[in-house]
Amino acid sequence: MEELHIQNTLSGEKERFVPIVEGHVGLYVCGPTVYSDVHLGNVRTFMSFDVIFRYLKFLGYKVRYVRNITDVGHLVGDVDEGEDKIGKKARLENLEPMEVVQRYTNGFHDVMRLFNIQNPSIEPTATAHIIEQIEMTATLINKGLAYEKNGSVYFDVLTYAEHEPYGELSGRKLEDLIHNTRELDGQEDKKNSLDFALWKRAEPEHIMKWNSPWGMGFPGWHLECSVMSRKYLGDTFDIHGGGMDLKFPHHECEIAQHKGAIGMKPVNYWLHTNMLTVNGRKMSKSEGNGFTPEELLTGDHKLLDKGYSAMAVRFFMLMGHYSSTLDFSNTALQAAEKAHQRMMTGWKDLLDIKASDSNEVDVDALRKRCQEAMNDDFNTPVLIGVLFDAVKAVNLVKAGQQTIDEYSKKGLTQLMYDYLFTVMGLREEGSAGTDASLEEGLIQMLIAMRKEARVNKDFALSDGIRDRLAELHVQLKDGPEGTSWSKG
Ligand code: AMP
Ligand code: ZN
């Protein structure tokens with residue numbers, strides 16, 4: 001595909017991506033609830049969006065990527081009644097809630113770094129947006145879409161559903177929801193069992209609470225994402241993402257709150273990533289099948305024969321499409337590790353192969369296929385297939401069965417660099433890199449930084465990079481296929 005297409009989980013269709021403001025993308029992804037260590041399932045979701053973020057930037061978009069930290073309001077069991085996940089942890093471990101938040105936020109960042117997942121542009125927290133959450137709750141009450149009862153405020157789903165479709169994202173029917181939620185309902189304050197909390201009264205023993213027009217309390221879980229996405233990305237923004245398990249109720253409630261309060265749809269494209277499973281079951285903390293990154297690196301887990309590097313795992317995850325489930329097993333990891341090694345060997349061989357006067361490698365065709373794969377809803381498995389075709393060509397040249405000239409070798413190096421490192425976010429590991437690959441890597445890094453500086457209109461920096469490289473006798477040349485470099 002020549003233009004980017006995205007599977008929009010709201011329409012169920014693969015749609016051409018057209019941003020609201022040309023050249024810019026607003027992207028919001030639901031971040032972690034920081035009450036425990038992240039597991040590899042969480043990592044898969046954030047890695048999928050990392051590749052999406054990287055590819056959008058690679059296409060030249062200026063992306064504002066907002067990924068929040070949930071540090072209040074997410075109750076145990078994902079329901080509207082009971083203890084706050086963070087508050088509970090604080091009570092059990094005798095810590096301040098903010099100590100819990102800081103500890104697991106730090107841990108989350110460490111894991112993101114380990115897997116080479118880039119930082120978002122803004123990482124807002126729910127506790128820093130209590131005022132906005134109170135405001136949106138008040139607006140919904142004023143519009144007759146929410147009601148207060150005994151110090152808690154609930155969204156009135158049936159009143160909302162008189163004007164707007166509730167369930168449009170998850171495909172759930174109102175009648176089914178009414179029927180299915182009744183049994184679970186122990187919450188007599190609600191008019192209807194479907195209603196969800198915007199604000200909850202805090203019981204005296206509840207530690208995390210704030211003053212509000214309705215008394216001491218805390219916000220409902222869904223509200224934070226509505227106010228933070230709107231605050232930083234606007235009334236309607238381009239892409240909202242998260243794991244498939246958040247479609248209902250979390251994202252459905254976000255849509256209802258936002259449309260109810262603002263009168264506009266919040267998002268043009270909804271993207272949902274599929275689950276990492278173990279023996280077919282979703283990896284989750286409550287299932288007790290959550291692998292931690294440490295267990296994976298050390299191999300210290302009953303399902304693993306050995307440890308794996310973070311980049312082998314990154315490769316494993318990208319060998320699947322984000323919208324399919326991916327089953328985590330020792331065998332699958334071993335296969336991915338081999339494939340990853342083969343790819344990285346291909347990359348190093350490419351830097352070492354001898355160029356000649358004739359050329360039989362069609363770099364333009366390979367680049368086109370890479371772009372088509374990523375434009376087709378970020379299809380990393382197809383992309384990896386094309387990159388293996390590139391490795392095949394390298395091997396043929398190495399074996400003397402095919403030729404490549406200097407120009408195509410540079411082009412292929414640029415191509416592999418772009419897609420392996422810039423887009424897929426792989427990173428060369430250990431000290432195995434030769435001087436040649438280090439030089440190539442460093443220059444490509446500077447080229448990428450210069451490109452980003454130009455996108456940001458920071459011409460002082462972009463020109464500075466070019467001039468400083470020229471002082472080192474490295475010339476950059478901009479062409480339709482990107483920037484190439486030469487010495488001399
Ligand atoms: P949580 O901290 O539980 O809210 O989860 C953070 C993110 O990880 C959410 O977007 C979830 O959808 C996602 N997630 C949780 N479990 C998995 C899994 N097994 N595979 C992929 N993503 C997951
Ligand atoms: Zn969210």
Exercise for review: Take V361 and decide whether it is over 28 Å from the mean Cα position of the chain (by Cα) and outside the structural domain of M445 (by TED's automatic domain parsing).
Suggested key: yes
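Can you name every residue in segment 61-85 that is on the phi > 0 side of the Ramachandran plot and open to solvent by less than 10 Å² (accessible area, probe 1.4 Å)? Before you say what the answer is, go through the steps one by one.
Within segment 61-85, the subset on the phi > 0 side of the Ramachandran plot is 73, 77-78, 82.
If the condition is that a residue be on the phi > 0 side of the Ramachandran plot and open to solvent by less than 10 Å² (accessible area, probe 1.4 Å), then G73 is the only one that fits.
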Check your understanding: Out of all the residues in segment 45-60, is one or more open to solvent by less than 50 Å² (accessible area, probe 1.4 Å), within 16 Å of ligand 2 (Cβ to nearest atom) and in a loop (DSSP other than H, G, I, E, B)?
Key -> no
Review point. Is there any pair with a first residue in segment 61-81 that is more than 18 Å from P219 (Cα to Cα) and a second that is in a helix (DSSP H, G or I) and within 14 Å of ligand 2 (Cβ to nearest atom) whose Cβ atoms are under 6 Å apart and which are 6 or more apart or on different chains, and what are they?
Key: V66/Y232
Review point. In segment 41-51, which residue that is of a type in the set (V, I, T) and within 13 Å of ligand 1 (Cβ to nearest atom) is nearest to G320 (Cα to Cα)?
Key: T45
Review point. Which condition number in (1) surrounded by fewer than 24 Cβ atoms within 10 Å (Cβ to Cβ); (2) modelled with pLDDT of 95 or more; (3) under 24 Å from L246 (Cα atoms); (4) not small (G, A, S) is the one that E168 fails?
Key: (2)
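Residues checked against (1) more than 30 Å from G60 (Cα to Cα); (2) without any contact (Cβ under 8 Å) to a residue 24 or more places away in the chain; (3) in a loop (DSSP other than H, G, I, E, B); (4) hydrophobic (A, V, I, L, M, F, W, C):
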| residue | (1), (2), (3), (4) |
| --- | --- |
| T331 | yes, yes, no, no |
| D349 | no, no, no, no |
| A365 | no, yes, no, yes |
| R369 | no, yes, no, no |
| F378 | no, no, yes, yes |
Revision key, fill the gap. When (1) within 16 Å of ligand 2 (Cβ to nearest atom); (2) open to solvent by less than 20 Å² (accessible area, probe 1.4 Å); (3) in contact (Cβ under 8 Å) with a residue 60 or more places away in the chain; (4) in contact with an Asp or Glu (Cβ under 8 Å, 6 or more places away or on another chain) are applied to K200, the one that fails is (1)
Exercise for review: Specify the residue that is most open to solvent (accessible area, probe 1.4 Å); the eligible residues are those in segment 7-40 that are away from ligand 2 (no atom under 16 Å from the Cβ) and within 17 Å of K247 (Cα to Cα).
Suggested key: E13
Review point. Which pairs do you get when a residue that is in the same structural domain as L333 (by TED's automatic domain parsing), found in segment 309-320, comes within reach of a residue that is in a helix (DSSP H, G or I) and acidic (D, E), reach meaning Cβ atoms under 7 angstrom, with the pair 6+ apart or on two chains?
Key: A312/E337
Revision key, fill the gap. Apart from one, (1) surrounded by 14 or more Cβ atoms within 10 Å (Cβ to Cβ); (2) away from ligand 2 (no atom under 16 Å from the Cβ); (3) not in a helix (DSSP H, G or I) all hold for K88; the odd one out is (3)
Check your understanding: Taking V38 and the conditions (1) at pLDDT 95 or above; (2) within 8 Å of ligand 1 (Cβ to nearest atom), which numbered condition does it fall short on, given that it satisfies the others?
Key -> (1)
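The values are calculated or read from the model by the stated rules, or taken from the named source; none is laboratory data. The shown structure was predicted, so the numbers you read here are calculated from the model rather than taken from an experiment. As a convention, Cβ positions derive from the backbone with ideal geometry for all residues, glycine included, and neighbour counts pool all protein chains shown. These accessible areas exclude ligands, DNA and RNA; they are computed on the full protein's heavy atoms, side chains included. Shrake-Rupley method; radii C 1.70, N 1.55, O 1.52, S 1.80 Å.
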